[in-house]
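The values are calculated or read from the model by the stated rules, or taken from the named source; none is laboratory data. All figures in this text were calculated on a predicted structure; none of them were measured in a lab. Positions of Cβ are backbone-derived with ideal geometry, glycine not excepted, and every protein chain shown enters the neighbour counts. Quick note on the areas: whole protein, heavy atoms, side chains included, nothing else; ligands and nucleic acids left out. Shrake-Rupley method; radii C 1.70, N 1.55, O 1.52, S 1.80 Å.
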Amino acid sequence: MSPSLLSKLRLVTVDVTGTLIAYKGQLGDYYCMAAKSAGMPCPDYERVHQGFKLAYAEMSRRHPCFGHAAAMPNAEWWKICVRDSFAMAGYDYDDATFERIFRRIYATFGSSALYMVFPDARCFLRWLRGRGLVVGVGNAEYRYRDVVLPALGLNQGSEWDFGVFPGIVGVEKPDPRIYEAALEAAGGVAPGEALHIGDSLRKDYAPARGPGMHALLLDRFGTAEVEGWRRSGAPVLPDLAAAREWLAGDAIKEEAEPATAR
């Protein structure tokens with residue numbers, strides 16, 4: 001009889017956005033509120049969304065890991081990104097107006113106001129830690145560690161043990177080195193003793209499997225890509241409650257087999 005996966009594990013790392021927490025509403029909601037707070041009309045949601053995608057990709061290319069290599073302050077990185085998002089959407093504000101808009105956006109995204117915790121997240125993390133596993137979270141900016149996650153009731157020491165944040169460690173998904181950093185942060189755990197749970201084949205599953213970690217994908221939102229994930233060999237489950245059953249069921253089966261043999 002081969003050992004269950006759960007019995008092999010010492011470490012579980014978990015993606016944050018889309019796996020543990022999600023945004024309330026749309027990006028445009030928060031950009032609209034910020035613009036209105038500065039006395040400006042609400043910008044077009046779709047144009048702002050597309051502008052943000054382009055601006056974020058360009059900033060990530062020019063200054064990866066939220067400006068880590070250039071020692072760029074976090075607020076400066078986001079200020080350029082937000083200004084370019086509006087510019088690419090066709091909105092040009094004077095400096096004073098933009099400053100008011102940006103302060104509102106930066107403060108909002110650095111708080112718990114626009115996030116919700118998935119109902120199964122807290123109990124899943126505590127269940128893992130209760131079984132003696134080390135739990136890591138990451139690939140988010142450092143304000144998640146300091147403000148967002150604690151404000152949402154996901155605390156270091158009760159729900160998770162350590163975080164790997166690109167702006168601090170200098171690598172980000174899909175670079176496999178961020179998973180190697182997690183293994184090191186957990187005390188030098190071997191890849192075969194670690195499981196990563198996320199929601200992207202490209203950013204979570206493939207790069208975690210690269211160093212030899214186990215990996216699992218969640219499809220919380222019914223993505224059209226899920227069949228492709230499965231064809232790639234990725235285990236896919238709907239949520240963390242199912243992930244717990246998947247891991248616990250494997251352990252229960254292992255415990256039951258000797259009794260059956262008798």
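Quick check: is even one residue across segment 7-23 open to solvent by 10 Å² or more (accessible area, probe 1.4 Å) and without any contact (Cβ under 8 Å) to a residue 60 or more places away in the chain? For segment 7-23, residues open to solvent by 10 Å² or more (accessible area, probe 1.4 Å) and without any contact (Cβ under 8 Å) to a residue 60 or more places away in the chain: absent. No other residue among 17, 108 is under 25 Å from the mean Cα position of the chain (by Cα), more than 19 Å from residue 165 (Cβ to Cβ) and among the hydroxyl-bearing types (Ser, Thr, Tyr) apart from 108. Whether any residue in segment 66-80 is at positive phi, open to solvent by less than 10 Å² (accessible area, probe 1.4 Å) and part of a helix (DSSP H, G or I) is what I want to check. Yes, segment 66-80 contains a residue that is at positive phi, open to solvent by less than 10 Å² (accessible area, probe 1.4 Å) and part of a helix (DSSP H, G or I). Can you tell me which residue among 211, 174 is more than 15 Å from the chain's Cα centre (by Cα) and either open to solvent by 10 Å² or more (accessible area, probe 1.4 Å) or among the polar types (S, T, N, Q) (or both)? Exactly one residue qualifies, and that residue is 211. Listed by position, the strands (runs of 3 or more DSSP E) enclosed by segment 127-228 that each have at least 2 residues that are under 27 Å from residue 245 (Cα atoms), free of Cβ contacts under 8 Å to residues at least 60 places away in the same chain and out of contact with any Cys (no Cβ under 8 Å at 6 or more places or on another chain) are 162-164, 214-218.
Here segment 150-171 is the region considered, the condition is being under 13 Å from residue 15 (Cα atoms) and touching a Gly at 6+ places or on another chain (Cβ under 7 Å), and the residue that is modelled with the lowest pLDDT is 165. Consider residue 129 carefully, then state whether it is of a type in the set (Lys, Arg) and not assigned by the TED database to the domain that holds residue 219. Taking the combined requirement at face value, the residue does not satisfy it. Of the listed requirements (1) acidic (Asp, Glu); (2) open to solvent by 60 Å² or more (accessible area, probe 1.4 Å); (3) under 23 Å from residue 19 (Cα atoms), residue 120 misses just one: (2).
Residues of segment 36-56 that are in a helix (DSSP H, G or I), farther than 14 Å from residue 90 by Cα and open to solvent by less than 60 Å² (accessible area, probe 1.4 Å): 37 alone. Selection within segment 85-117: residues that are more than 17 Å from residue 33 (Cα to Cα) and part of a loop (DSSP other than H, G, I, E, B). The member of this set that is most open to solvent (accessible area, probe 1.4 Å) is 94. Which of (1) at negative phi; (2) part of a loop (DSSP other than H, G, I, E, B); (3) of a type in the set (Gly, Ala, Ser) is the odd one out, the single condition residue 233 does not satisfy? The number of the failed condition is (1).
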